[in-house]
Amino acid sequence: MGDSNTRQQVSASASSLRVTGPQRAGRAPRLTRSHRMSTNKISTSSRPSTARADDLRLRRARLDSLLDVRWRLARLAIERRSHNLDDAVDVFLEQLQVESTIDREFPGVADQKFPDWLDADLSLEHDASVLHPECGICQAIARRAGISIPPWQAA
Ligand SMILES: [Zn+2]
């Protein structure tokens, strides 16, 4: 509600700058919407194509954000599992929840990303007796011990 109002205001102020400019095909809907807002006579329920572009941008940002959260949780879960920490399962369950949100909101994306997810997850998995240069816990251990972790060699 408030969110979409803000979005419209932002678009409206952006389009008002273009009113005197050349009307390229892609810009025309913005002018239409600006006109609607200034007259307040026409419902905004049928939205012009720039609104759809805004929606697509928002959806893209939402997906990027979900993927980012998923990767942070996956990373945390693998690190904690690798070091045999009790809460590894809790973090993993949160990871699964985010994955199911991705699957619900963006059907097909999780399936498509799964092989990459698996590769990334497996590349971080390690035995607690060796230090992995990408693992945050190992990095903390190494820092405290004042040592540097050699490059990772996959088993
Ligand atoms: Zn580690």
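Key figures for this structure:
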quantity: Among the candidates Asp111, Asp90, residue that is more than 16 Å from the ligand (Cβ to nearest atom), of a type in the set (D, E, K, R) and at pLDDT 95 or above; calculated: Asp90
quantity: Those residues of segment 114-129 which are within 16 Å of the ligand (Cβ to nearest atom), in a helix (DSSP H, G or I) and of a type outside the set (A, V, I, L, M), in sequence order; calculated: Asp121, Ser123
quantity: Breaking point among (1) within 16 Å of the ligand (Cβ to nearest atom); (2) closer than 30 Å to Arg62 by Cα, for Glu105; calculated: (1)
quantity: Qualifying position, being touching a residue at least 12 places away in the same chain (Cβ under 8 Å), in contact with a Pro (Cβ under 8 Å, 6 or more places away or on another chain) and surrounded by 15 or more Cβ atoms within 10 Å (Cβ to Cβ), among Ile149, Ile78; calculated: Ile149
quantity: Residues of segment 135-148 satisfying the condition of being more than 9 Å from the ligand (Cβ to nearest atom), of a type in the set (A, V, I, L, M, F, W, C) and either in contact with a strand residue (DSSP E or B) (Cβ under 6 Å, 6 or more places away or on another chain) or assigned to a loop (DSSP other than H, G, I, E, B) (or both); calculated: Ile147
quantity: Qualifying residue in segment 50-68 (condition: at pLDDT 95 or above and within 11 Å of the ligand (Cβ to nearest atom)); calculated: no
quantity: Segment 131-143 - residue that is over 14 Å from Ile78 (Cβ atoms) and among the aliphatic types (A, V, I, L, M) and, of those, surrounded by the most Cβ atoms within 10 Å (Cβ to Cβ); calculated: Leu131
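The values are calculated or read from the model by the stated rules, or taken from the named source; none is laboratory data. Everything numeric here is computed off the predicted structure, so don't read it as measured data. When we count neighbours, we look across all protein chains shown, and the Cβ atoms used for this are built from the backbone with ideal geometry, even at glycine.
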